[in-house]
Structure formats: C-alpha cells, structure tokens
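Some notes on the structure that comes next.
The values are calculated or read from the model by the stated rules, or taken from the named source; none is laboratory data. Keep in mind that this is a model prediction, so the values were computed, not measured. Note: ideal-geometry Cβ built from the backbone for every residue, glycine included; neighbour counts use all protein chains shown.
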C-alpha cells in the first residue's frame with residue numbers, strides 16, 4: 001500500500017470523527033460492514049422536519065474508512081435523506097471511475113489517492129452508506 005495513501009491529512013481525520021458516540025434513543029440505526037476488510041460502521045440518527053437532526057457513530061474501520069466517516073459526519077447534519085443518498089451515490093460513482101466530481105462533499109479530495117485501490121472502496125463508502133440508509137429508515 002502506498003505511503004501517500006495514509007498521509008497526515010487522512011490520519012488526522014481518522015483521529016477526529018465528529019459524533020463518535022452512539023445515540024441513546026435513535027429513530028433508526030444501521031450497521032454496515034465491509035466484507036473485504038471487516039471494517040464496520042454503525043450509524044444512529046434522529047430526524048426532525050425531514051432533516052438529519054442528530055447522529056451517533058460507532059466506527060471500527062481502517063484509517064481510510066475512519067477519515068471518510070469523519071468527512072461525512074462533519075457535514076451531514078441538516079441534510080435530507082434524499083441528499084444523503086445522493087452523496088452516497090456520487091461517492092460510489094467517483095470511486096468506480098464513473099464520475100470525476102468530488103465537489104459534492106467538502107474535503108473528499110483527500111481520499112482521491114484511494115481511488116486506485118478498489119479493495120479500500122467498501123470501507124470508504126461505509127459511513128455514507130450507513131447514514132443514508134438510517135436517514136431513509138427514520139424518515140419513512
């Protein structure tokens with residue numbers, strides 16, 4: 001694995017995940033696991049007026065998964081379930097090479113070197129997948 005893949009920016013993000021504590025009484029909870037590496041993220045959410053009002057995360061992932069979860073958690077509050085699903089889909093499209101757009105979510109450019117490592121993509125997607133699904137469930 002390339003040393004530049006795990007740079008200081010990635011490691012700093014991995015060590016500073018916002019909302020890194022489970023919610024006591026969530027509207028919905030979702031656990032996502034990467035079959036490739038075993039990374040796991042549990043997302044708890046509370047919605048209000050159709051928007052993400054509170055979240056809690058339990059992140060047990062590699063540094064890339066942690067960094068991605070940190071970026072997601074820093075910007076997700078206030079978004080709708082549809083907006084979170086759109087971000088999840090755009091991240092998937094970027095990682096798979098279907099899109100070049102990283103402007104949809106602040107800070108994701110730091111993960112650009114990981115695009116060349118498909119085995120790391122599931123871990124990078126976990127936080128976005130878990131929060132989008134939990135928000136959809138809570139909003140239903």
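In the condition set (1) free of Cβ contacts under 8 Å to residues at least 40 places away in the same chain; (2) closer than 25 Å to residue 78 by Cα, residue 129 is compliant with all but (1). Among the conditions (1) touching a residue at least 24 places away in the same chain (Cβ under 8 Å); (2) over 11 Å from the mean Cα position of the chain (by Cα); (3) in a helix (DSSP H, G or I); (4) surrounded by fewer than 24 Cβ atoms within 10 Å (Cβ to Cβ), residue 78 misses just one, which is (3). Selection of first residues in region 4-32 that are at positive phi and of second residues that are part of a loop (DSSP other than H, G, I, E, B), restricted to Cβ pairs under 9 Å at least 6 apart or on distinct chains, gives the following pairs, ordered by first then second residue: 19/76; 19/77.
Quick check: is even one residue across region 113-136 surrounded by 20 or more Cβ atoms within 10 Å (Cβ to Cβ) and outside any helix (DSSP H, G or I)? So far as region 113-136 goes, no, none of its residues is surrounded by 20 or more Cβ atoms within 10 Å (Cβ to Cβ) and outside any helix (DSSP H, G or I). Of all the residues in region 86-112, those that are free of Cβ contacts under 8 Å to residues at least 12 places away in the same chain and assigned to a helix (DSSP H, G or I) number 4. How many residues does region 43-61 contain that are surrounded by fewer than 19 Cβ atoms within 10 Å (Cβ to Cβ) and within 24 Å of residue 121 (Cβ to Cβ)? So the count comes out to 2.
Residue-wise test of (1) touching a strand residue (DSSP E or B) at 6+ places or on another chain (Cβ under 6 Å); (2) at pLDDT below 95; (3) farther than 17 Å from residue 130 by Cα; (4) part of a loop (DSSP other than H, G, I, E, B).
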position: 9; (1), (2), (3), (4): no, yes, yes, no
position: 22; (1), (2), (3), (4): yes, no, no, yes
position: 37; (1), (2), (3), (4): no, yes, no, yes
position: 46; (1), (2), (3), (4): yes, no, no, no
position: 53; (1), (2), (3), (4): yes, no, no, no
position: 58; (1), (2), (3), (4): yes, no, no, no
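On the given criteria, is residue 129 in contact with a helix residue (DSSP H, G or I) (Cβ under 8 Å, 6 or more places away or on another chain) and more than 19 Å from residue 37 (Cβ to Cβ)? Against the criterion (in contact with a helix residue (DSSP H, G or I) (Cβ under 8 Å, 6 or more places away or on another chain) and more than 19 Å from residue 37 (Cβ to Cβ)), residue 129 does not qualify.
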